[in-house]
1. Please work out how many pairs of lysine residues in region 8-231 are eight or more positions apart (or on different chains) and have Cα atoms closer than 27 angstrom.
2. Cut-off 10 angstrom, C-alpha nodes, Gaussian network model of the chain. Which of 99, 198, 52 fluctuates the most?
3. Please give the Cα centre distance for region 92-106 versus region 158-180, rounded to the nearest Å.
4. Given the DSSP H assignment, sum -39500 (n - 2.57) over each helix run of at least 4 residues in the chain and divide by its residue total; what's the result at 222 nm in deg cm²/dmol, nearest 500?
5. Could you give the dipole magnitude of region 144-194 about its Cα centre, charging the beta-carbon of Lys and Arg +1 and that of Asp and Glu -1, in debye to the nearest 20?
6. Mind checking the dipole of the chain: about its Cα centre, +1 per Lys or Arg Cβ, -1 per Asp or Glu Cβ, Debye to the nearest 20?
7. Relative contact order for the chain: what is it in percent, counting Cα pairs under 8 Å that are at least 6 residues apart?
8. Along each of the three principal axes of the Cα atoms of the chain, give the extent in whole Å, ordering the values from largest to smallest.
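What follows draws every value from the coordinates through simple rules; no lab data is involved. Bear in mind that the values here come from a model prediction, so they are computed numbers and not experimental data. All Cβ positions, even for glycine, are placed from backbone atoms using ideal geometry, and neighbour counts span all protein chains on display.
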Amino acid sequence: MTLDKTAIRNAATIIVVRDRVSNPKVLMGQRGAKAAFMPNKFVFPGGAVDQGDHDIPLAHAISDICADRLGEDSDLNVIHALCVAAIRELYEETGQILGQKGEWSGAIPKDWADFAGLGYVPDASALQFVFRAITPPGRPRRFDARFFFIDADHLATDLDDFSAASDELSHLQWIALDDVRRFDLPFITEVVLAEVAGRLHDTAPPMSVPFFRNDEEESLFLRLRGYRQADD
């Protein structure tokens, strides 16, 4: 069966911020010039959900309030996989670990061998769901992307060590929020950065989450307040 490249795929992006009060910086890298999606752009770590992400154990799940927001207008069965994908992509693209020390149950998938070999199990408890956007029609790739925010203090690794990163993103660096717009950013990244800038002094998950829903017929800006409330 041929994969429809324009089909909308679930995806997870992770925004890591360090020194959030004194001199906030975000972790970003540059996509390759030959990348099919957003070539040359500076982006946050992230990517599409893999089928295997549904089966990866988490030391702790994401908070109930964030799970509730993730579940609105969405398949509830994908919540776990989205959190796993965010942690996996962070490790693959930057070498940074979001996890806690622990033993895995069962066989360890190849994609997680290095992560597990360092003695960690992925942990989603510190993730905050802060934004959702669907890629507009007409693009070579389309994603239903959920953006997760996390303070770098929750990472288990040296924040300046990218030696375990893949080559998917180049020029990995911590970019000061005051300087980030000097870089070549996708439009949606600029929008998300504005949302993040407004949350630097707020450690609680947001009560509602912005959602850019780009359907074939129209584009809408919505707020996600939770699937339980949506069903009431």
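1. 4
2. 198
3. With region 92-106 and region 158-180 each reduced to a Cα centre, they are spaced 18 Å.
4. Only helices count here, giving -5500 deg cm²/dmol.
5. Computed about the Cα centre, the dipole is about 240 debye.
6. Dipole of the chain, to the nearest 20 debye: 500 debye.
7. 29 percent
8. 47, 44, 41
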